Amino acid sequence: MAVTKEFISKHEENERIELRECDITKDNLGNNIDAVLLSDVTYDETEAGNILRNVWKCLRAEGQLILRGYYFDPQNSNPLFGALFAINQLVINSNRKIVTLPSLKALIDKTGYIISKISPLTEHSFIIIATKPAS
């Protein structure tokens, strides 16, 4: 957290950014938030579902959900890296069900978000942008 605070303090927009430590699967993240960026936190299907539902509660109508991570996608031009990353996650905890790009898309859809973009961000990672629809 100290490194993040130092980085943000150097930018003019620092007054608009709030940092806090929390359990993103269940702690209150705030209210009426414009956007939430999740990077490298949605690799277990159960936790990912809990995170997506918790973020839903804090986003305003038409708020943005932005996810970035390393996900296995057999349709991608480089599926080997995603497969190796998934194996690495299973080594960390063999009891978890690893999120793939198709399963994450299904979780996002099930939660009620409208996906506007799924694309490679780097050779090995993806970005997903979704919106909480207006009520």
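Tabulated data
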| quantity | calculated |
| --- | --- |
| Where a residue in the range 110-135 is at pLDDT below 95 and its partner, wherever it lies, is crowded, with 16+ Cβ neighbours inside 10 Å and of a type in the set (Gly, Ala, Ser), with Cβ under 7 Å and at least six apart | 125/69; 126/69 |
| Filter result (assigned to a helix (DSSP H, G or I) and among the β-branched types (Val, Ile, Thr)) within the range 100-122 | 108, 111 |
| Filtered residues of the range 116-132 (kept if among the hydroxyl-bearing types (Ser, Thr, Tyr) and surrounded by fewer than 16 Cβ atoms within 10 Å (Cβ to Cβ)) | 116, 119, 122 |
| Failed criterion for residue 95 (all others in (1) surrounded by 14 or more Cβ atoms within 10 Å (Cβ to Cβ); (2) assigned to a loop (DSSP other than H, G, I, E, B) hold) | (1) |
| Test: residue in the range 35-47 that is over 22 Å from residue 121 (Cβ atoms), hydroxyl-bearing (Ser, Thr, Tyr) and in a helix (DSSP H, G or I) | yes |
| The range 1-31, residues that are part of a loop (DSSP other than H, G, I, E, B) and touching a Leu at 6+ places or on another chain (Cβ under 8 Å) | 1, 22, 24 |
| Matching residues, the range 6-26, being over 23 Å from residue 59 (Cβ atoms) and either among the aliphatic types (A, V, I, L, M) or loosely packed, with under 10 Cβ neighbours inside 10 Å (or both) | 6, 9, 10, 12 |
| Matching residues in the range 24-65 - criterion: being in contact (Cβ under 8 Å) with a residue 40 or more places away in the chain, in contact with a helix residue (DSSP H, G or I) (Cβ under 7 Å, 6 or more places away or on another chain) and either at positive phi or basic (Lys, Arg) (or both) | 53 |
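The values are calculated or read from the model by the stated rules, or taken from the named source; none is laboratory data. Quick caveat, the model's predicted, so the values are computed rather than measured. Cβ sites come from the backbone with ideal geometry, for glycine too, and all protein chains shown count toward neighbours.
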